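Throughout, read-outs are computed from the coordinates displayed, never taken from laboratory work. The structure displayed is predicted, hence computed values, not measured ones. No Cβ is skipped: glycine too gets one built from the backbone with ideal geometry, and neighbour counts run over all protein chains shown.
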Amino acid sequence: MSQGKINVSVENIFPLIKKFLYSDHEIFLRELISNATDATLKLKHLTSIGEAKVEYGNPKIEIKVDKEGKKIHIIDQGLGMTSDEVEKYINQVAFSGAEEFLNKYEDGAKDTGIIGHFGLGFYSAFMVAEKVEIITKSFKEEPAAHWSCDGSPNFTLEESKKEDRGTEIILHIAEDSTEFLEEGRITELLNKYNKFMPVPIKFGTKTETLPKPEGAKEEDEAPTQEVDNIINNPNPAWTKQPADLEDEDYKGFYRELYPMQFDEPLFHIHLNVDYPFNLTGILYFPKLTNDLNVQKDKIQLYQNQVFVTDNVEGIVPEFLTMLRGVIDSPDIPLNVSRSYLQADGAVKKISSYITRKVADKLSSLFKNNREDFEAKWNDIKIVIEYGMLSEDKFFDKADKFALYPTVDGSFFTFDELQEKIKANQTDKDDKLVILYASDKEAQHSYIEAAKTKGYEVLLMDSPIIAHLMQKLEGSKENITFVRVDSDHVDNLIKKEENQISKLSDEEKETLKTDLEKTIESKSYTIQLEAMDSSASPFIITEPEFMRRMKEMQQTGGGGMFGMGNMPEMYNLVVNTNHELVSEILNTKTAKKKERLINQSLDLAKLSKGLLKGAELTEFIKRSYDMVK
Ligand code: ADP
Ligand code: MG
């Protein structure tokens, strides 16, 4: 038996491990299973190149919880260690054996999927254990070794009688970590971190029902048998070639990833590159609602099939974090701060690769089956619009397939729209005016008025649409978006000179004074307009610019004018060519004049959905009186 001191430069590393890794105690199991997996995959590699002359067989990793004895066992059938190797790999903390192995076998070992590279993995056992034992038998013809350490830097190393190849790690769980002796807690961890690891992991057994033997009676119970409870799927879909997978396989994998999700994904994107970085994965477009805040099932990040995190901020472009699925890349540095991560060259490349793949997929869906793409538009637009806003490269690609739906359910790309409306919707300054509504019901009368003029009206109702319109106006030439209710229809697209006014300037002055006397409210700016005599006498409009700025403020950004608490601003457009307006002007009795003005204003408010509460009650009463 040998004794010694673990070779660490600091006096005692264990308090450090406990302290610095405190928040993440549960990762000890991931680390130990990763080591067991590495040991198994290393053996596989060595047998395949003839360096280990042993039978590889069908190795598995077993986890056992001994609640009474307060122990957890992690047992593998991998390559094991000789006692010299224990000295070297275990006693020299922070000396990563995995790294050495990969260096030694360089190219040949690149695709072995070996995980470890942090060098502190094994010692994370001391976050939960007061004593750790390793009993290990190498594939080489050498006696087994038994290492034991009680958490101080002192260890013992002696021979062991272990006969079969592989390693058993025994954790004597500390008093403050007994939660890990609960089967449920271990199951939870296995499901979180190890669900797709490449070597089968056994945790207990389960009862399987067998088919009834032939000739069994109806009431006979089906026979059962105890089988290993394998908690992982060693060959998850993302590790396979896209050509080997059917649509059903992708859907099946989605259910495997998110067992609590009952919706089907709209489509998937299979990621697969190995140069200049290594990345595999599958992203899914789920049906997205406009509520951007509820998002519990997120994209999961793996490294060589080991779950790392579901916080992919900085790795996946922000607009794509609304998607679901997995990405697996050994090239993403872990244990570094997010800002460091964002500055990392490989990570930047990964992020733009993902953006490009998503854009390409959307583009091919659009080209190959436009009808289907249109049908899905409402569920995916938020990602695309957000992407167009935040990533210029994505904007350039998406500009070809982003759709602009009309209130009547047709869909145009931007180019198609431009072509369609340029004859009728170009104003006298040669600006293309794109009309839109945000709510088909509330803006119904305005939409109808625009349609009568032969205008196309888009339906733009995403939460961030104001920002996107701003961006489009900035990047396209000579276009402007105008909401249908932002002015009277005759003014939406200003063409040649206006109608001639029936009223003289003097009469207009009088009318304005009359109106201002009755309409005390400061919330309307009165605007006299000579319009067609068939147009409504009073119309309430909401100027585009102010409204859009306010909307942009509410959805973040664009707040440069500090309009957070700005009240809504409306214009009251009065059609001076309308008969009723002449009547208001010519009415001699003040009472009647007031009533005509109030009634007309209320009708205008009603059509804008602004007449509510006491005002509405009063309006109804007044109307009945007038009907009498
Ligand atoms: P890493 O996994 O990054 O190499 P660890 O601290 O997790 O670092 O492990 C240190 C070394 O100990 C490994 O590289 C390996 O050589 C050895 N080792 C740990 N666990 C096992 C095991 N189950 N079987 C064989 N060797 C192991
Ligand atoms: Mg390790």
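Miscellaneous remarks
- Stretching the chain fully between H25 and D392 yields a gain of 128.0 nm (0.36 nm per residue, less the alpha carbon separation).
- Where labels lie 7 Å past Cα in the beta-carbon direction, separation of E568 and S534 in nm: 3.0 nm
- Ellipsoid semi-axes for the stretch 403-492, based on the Cα gyration tensor and the rule √(5λ), read 18, 16, 13 Å when sorted largest first.
- Nearest-0.05 FRET efficiency for N191 and E68, computed from C-beta distance (R0 25 Å): 0.55
- Projected label distance in nm at V627 and E163, using a 7 Å step from Cα toward the beta-carbon: 10.0 nm
- Of K381/K440; K88/K195; K495/K517, those spanning more than 26 Å from alpha-carbon to alpha-carbon: K88/K195; K495/K517
- Flagged links, alpha-carbon separation over 25 Å, of K140/K192; K393/K476; K60/K357; K44/K71: K140/K192; K60/K357; K44/K71
- With both labels modelled 7 Å from their Cα along Cα-to-Cβ, the E246 to N598 distance reads 7.3 nm.
- In sequence order, the stretch 576-581 has phi-based couplings of 5, 8, 7, 4, 4, 5 Hz under the Karplus curve 6.51 cos²θ - 1.76 cosθ + 1.60, θ = phi - 60°, and Gly or Pro positions carry x.
- Shown here is the pair-distance distribution of the stretch 505-627: with all Cα-Cα distances grouped in 10 Å bins from zero up to the longest one, the shares run 12, 38, 31, 15, 5, 0 percent.
- Subtracting the Cα-Cα distance of K422 and V54 from their residue separation scaled by 0.36 nm leaves 124.8 nm.
- The charge dipole of the stretch 437-499, taken about its Cα centre with unit charges on the Cβ atoms of Lys, Arg (+1), Asp and Glu (-1) only, comes to about 160 debye.
- Cα gyration tensor shape for the stretch 329-436, rounded if a/c is under 1.5, else prolate or oblate: prolate
- Legend: calculated FRET efficiency, T525 to E256, from the Cβ-Cβ distance at R0 = 45 Å, rounded to 0.05, equals 0.15.
- Helical runs assigned H by DSSP (4 residues or longer) give the chain a calculated mean residue ellipticity at 222 nm of -11000 deg cm²/dmol, each run adding -39500 (n - 2.57) before division by the residue total.
- Temperature 10 °C, viscosity 1.306 mPa s: under these conditions the Stokes-Einstein estimate for the chain, based on its Kirkwood radius over C-alpha pairs, is 52 µm² per second.
- Subset of K420/K494; K137/K161; K451/K471; K70/K202 violating a 21 Å alpha-carbon distance limit: K451/K471
- Between N311 and K367, the contour length at 0.36 nm per residue exceeds the Cα-Cα span by 16.9 nm.
- Charge sum, other residues only, whose C-beta stays under 14 Å from R547's C-beta, Lys/Arg counted +1 and Asp/Glu -1: -3
- Those residues of the stretch 502-532 whose amide nitrogen sits under 15 Å from the label point placed on N586, 7 Å along Cα→Cβ: 502-504, 507-508, 511
- Those residues of the stretch 155-190 whose amide nitrogen sits under 18 Å from the label point placed on E141, 7 Å along Cα→Cβ: 163-166
- Summing charges over neighbours of N233, with a neighbour being any other residue whose Cβ is under 13 Å away from its Cβ, gives +1 when K and R count +1 and D and E count -1.
- Candidate aspartates and glutamates - alpha carbon under 16 Å from K348, same-chain residues fewer than 8 apart omitted: D274, E313, E318, D328, D331, E391, D392
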